[in-house]
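Working notes for the structure below.
The values are calculated or read from the model by the stated rules, or taken from the named source; none is laboratory data. For clarity, every value in this text was computed on a predicted model and none was experimentally measured. Positions of Cβ are generated from backbone atoms using ideal geometry, with glycine treated the same way; all protein chains shown enter the neighbour counts. Each accessible area value is taken on the protein alone, full model and side chains, heavy atoms only, with ligands, DNA and RNA left out. Shrake-Rupley method; radii C 1.70, N 1.55, O 1.52, S 1.80 Å.
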Amino acid sequence: MKKLSRAATAIALAASVTGLMLTGCTPAANPGQNATSQGPVSQEEINKALKTPTKLTMWTWLPDVEKEVALFEKAHPEIDVTVENVGQGLEHYQKVRTALQSGEGAPDVIQVEYQYIPSFNLTDSLLNLRPYGADDVAGDYVDWAWKQVSDDKGVWAFPQDIGPMGNLYRTDILEKAGVTKAPETYEEYAAAAQQIKDKTGSYISNLPTNDPAQIIGLLWQAGVKPFGYDGDKTVSINVNSPEAKKVLSYWQNLIQKGLVSGDADFNDQFYQGLASSKYAGWLTAAWAPIFLQGTVESTSGNWTAAPLPQWKADENVSGNWGGSANAVLKTSKNPIAAAELTKFINHDKEATKMFATEQFLFPAAKSVLEDPAWVEQKVAFFGGQQVNKLFAEIAGTVDTEFQWLPFTEYAYSQFNEIVGSAIGSKADLSTALDKWQETLTSYAKDQGFTVK
C-alpha cells in the first residue's frame, strides 16, 4: 500500500499550479547557503560536524523512516533528527515551497520525486551535494537513477527508490484465452489483446486517463524525449514528436477496438478491476508487485511478472514510473550533517535494505539489487517467481538520458486535461498531443523560458 501513496502523489501534483515555483523566489540567505562555493568539504570538517550536537529536521511521506534514521543516530549520537510527515502529494510540496518562500520553518532534508528536482533547482532551493563528496558513491546506484539526481552543475539528491517498468499479468486469464506466454513485442501484445477479449471478455490492460506518469514511462521505454531542461532558462518540449505519436497511436487503436480500457486508475473501480477479471494485466512498475499483494490478495497465485513488450524484437529496454530521492535544502543551517544523513540512509547497506523490506521500496542502491537474500526471494503471490530478480534486471535497461521540465506539475495537469480526456472519450490522440505541445510551449514562453 505504500506505493499507492506514491502514485496518488503524482496524481495530486498534476492538479497543482506552479505559480509559486515560477515567481523566481529563492530561499532566504543563511550560514549554510554559501558552503558549496567554498570548495570541497574536507573529511576533517565532516568529522567535526558529526561530533557537534546538532538538531536536524526531515520531511518525508514514508511511514516509519525513523527506523533508518535511528541507524544514523546510532552511528552519530551527537546528531538528533526529527522526522515529520507534513502530508503527501501536493500538500507536501506546497508546504516545502511555502517554508522556503517565507524563510521560516523549512526542514533540512526533504523527500522529492525525480521529476520535481528541476523545479526546486529553478528556484535555487537545493544544496549542491558534490562538494560534500556525493560523487564518491555515484557508482553505487543504478546509472540512470544517478543521472536523475545529478547534472554538470551538481548533485542534488541521493536516490532512494525507483520504478522500472514491467508487465504483470493474470496467468489464469491468459491461459483461458490460449495465450501461453507473455507477449514479447507490441505486435504480439496487440494480437494477444484481441485473443483475450474474444475468449474471456477481459481487457489486456488499462491506459489511464489521469496518470501521466505511467504513459510518460511508456514513452521513456520507446526512446521518446518529450522534455529537456538545461538547468537555467532553456527547455525543450517535444511531446508531439513522430515517435510520441507512434506510441499513442498504438494505444488509441487498441482502445478504439475495445481491447484496452481507458479508466482512471487508483480508485475503487480500478482496484475492483484488478481483483476481478476486468484487467488481464497491468504494464506497471517495480513497486506494483507489493501493491497488488496488499490490494487484490484474493488473486494470489494467478499473477506472473515479465518485461514490457518491445517495439523491436531484438530490443531489451524499459522505462521508469515512480521513485524518489532525499535532498538537502539550501537553507539548512547544518549542511554537512544534513548531507551526511541524506547519504547514510540511502547508501548504508543496512538502511537501504531496510527500505526494501520495511517500506517495500524498490531500491536504487546496487547493494540491495545485488544482494542474493533479497534478489532470490520467491513470492507466493506470483506463484513462487523471483520477482525482485526480474525487476533488478529490468532496472539496468532504463535509458539514462531522460529529462524533465522545471514545471512538471503544470505539464502533468495539462496532460490530464488534454490527452487524458482524449483517452477517456476515445478521441484522436495525435491531435491531443499537438494541443499539449502548443499549451506547454506557450506556457514556457510566458514564464520566460527559451523553448527549443
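Observations, loosely collected:
- With respect to being modelled with pLDDT of 95 or more, open to solvent by 40 Å² or more (accessible area, probe 1.4 Å), in a loop (DSSP other than H, G, I, E, B) and under 29 Å from Trp251 (Cβ atoms), Gln377 falls outside the description.
- Inside region 181-217, residues that are of a type outside the set (Val, Ile, Thr), outside any loop (DSSP other than H, G, I, E, B) and surrounded by fewer than 22 Cβ atoms within 10 Å (Cβ to Cβ) make up a count of 10.
- In the set Ser442, Ser367, only one residue is farther than 21 Å from Pro226 by Cβ, modelled with pLDDT of 95 or more, of a type in the set (S, T, N, Q) and not in a loop (DSSP other than H, G, I, E, B); that residue is Ser367.
- Matching residues, region 295-314, being within 18 Å of Ile173 (Cβ to Cβ), part of a loop (DSSP other than H, G, I, E, B) and over 21 Å from the mean Cα position of the chain (by Cα): Val296, Ser300, Gly301, Asn302
- Any hit, region 335-344, residues being of a type in the set (Phe, Trp, Tyr) and closer than 19 Å to Leu62 by Cα: yes
- Given (1) open to solvent by 10 Å² or more (accessible area, probe 1.4 Å); (2) at negative phi, number of the condition Gly178 does not satisfy: (2)
- Residue in region 415-438 that is under 16 Å from Tyr141 (Cβ atoms), touching a residue at least 24 places away in the same chain (Cβ under 8 Å) and either open to solvent by less than 20 Å² (accessible area, probe 1.4 Å) or in a helix (DSSP H, G or I) (or both) present: no
- Residues that are closer than 12 Å to Trp156 by Cα, more than 11 Å from the chain's Cα centre (by Cα) and of a type outside the set (A, V, I, L, M), drawn from region 106-118: Gln111, Pro118
- Selection count, region 74-91, where residues are farther than 21 Å from Ala106 by Cα and not aliphatic (A, V, I, L, M): 4
- Residue check for Val109: buried (at least 23 other Cβ atoms within 10 Å of the Cβ) and touching a strand residue (DSSP E or B) at 6+ places or on another chain (Cβ under 8 Å): yes
- Only one of the listed residues (Phe381, Phe402, Phe344, Phe355) is closer than 18 Å to Met165 by Cβ and of a type in the set (Phe, Trp, Tyr). That residue is Phe402.
- Whether a residue is touching a helix residue (DSSP H, G or I) at 6+ places or on another chain (Cβ under 9 Å) and in contact (Cβ under 8 Å) with a residue 40 or more places away in the chain was assessed, and Leu100 passes this test.
- The condition of being open to solvent by 10 Å² or more (accessible area, probe 1.4 Å), in contact with a strand residue (DSSP E or B) (Cβ under 8 Å, 6 or more places away or on another chain) and either under 22 Å from Trp311 (Cα atoms) or not in a strand (DSSP E or B) (or both) holds for only one of Asp124, Asp135, that being Asp135.
- Residue within region 84-106 that is on the phi < 0 side of the Ramachandran plot, open to solvent by 20 Å² or more (accessible area, probe 1.4 Å) and in a strand (DSSP E or B) present: yes
- Conditions (1) assigned to a loop (DSSP other than H, G, I, E, B); (2) over 30 Å from Ala177 (Cα atoms); (3) open to solvent by 10 Å² or more (accessible area, probe 1.4 Å): number failed by Val224: (3)
- Residues that are open to solvent by less than 20 Å² (accessible area, probe 1.4 Å) and either touching a Gly at 6+ places or on another chain (Cβ under 8 Å) or of a type in the set (Lys, Arg) (or both) were ranked within region 347-370; the one that is farthest from Pro63 (Cα to Cα) is Ala364.
- Selection of region 315-338 for residues being surrounded by fewer than 19 Cβ atoms within 10 Å (Cβ to Cβ) and either among the polar types (S, T, N, Q) or in a strand (DSSP E or B) (or both) yields only Asn316.
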